[in-house]
Amino acid sequence: MKNKIIRVLLLLTVVLSLTGCSVVEGIFKAGMGVGIFIVIAILAVILFIVSKLFGKK
């Protein structure tokens, strides 16, 4: 249980350390297609990590 809490806190730290404005600026500079791909990729990674943390063993 303690290990899961540490993992969740680490995940939150990583997510919150990314500043929203710089991420959005980079997406608009790269283009809409690349931006959509990056957002989907980030969501997939987050869902994968959450499923590994709270999935059945």
* Would you list, by chain and number, the lysines whose Cα falls below 19 Å from the Cα of LYS52, excluding same-chain residues fewer than 8 positions away? => LYS2, LYS4
* Return the label of the correct value of Kirkwood radius over Cα pairs in Å, as calculated from the structure shown, out of (i) 11.3; (ii) 12.9; (iii) 11.0. => (ii)
* To do: Using label points projected 7 Å from each Cα along Cα→Cβ, tell me how many nm separate GLU25 and ALA44, to one decimal.
  => 2.8 nm
* Rounded tilt (10° steps) of 32-54 against the dominant C-alpha axis of the chain -> 0 degrees
* Which angle from 0 to 90°, rounded to the nearest 10, does the C-alpha axis of helix 20-30 make with the longest principal axis of the chain? -> 50 degrees
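We did not get these values from a lab; they are worked out from the coordinates using the rules stated. A quick note: this is a predicted structure, and the numbers were derived from the prediction, not measured. Cβ sites come from the backbone with ideal geometry, for glycine too, and all protein chains shown count toward neighbours.
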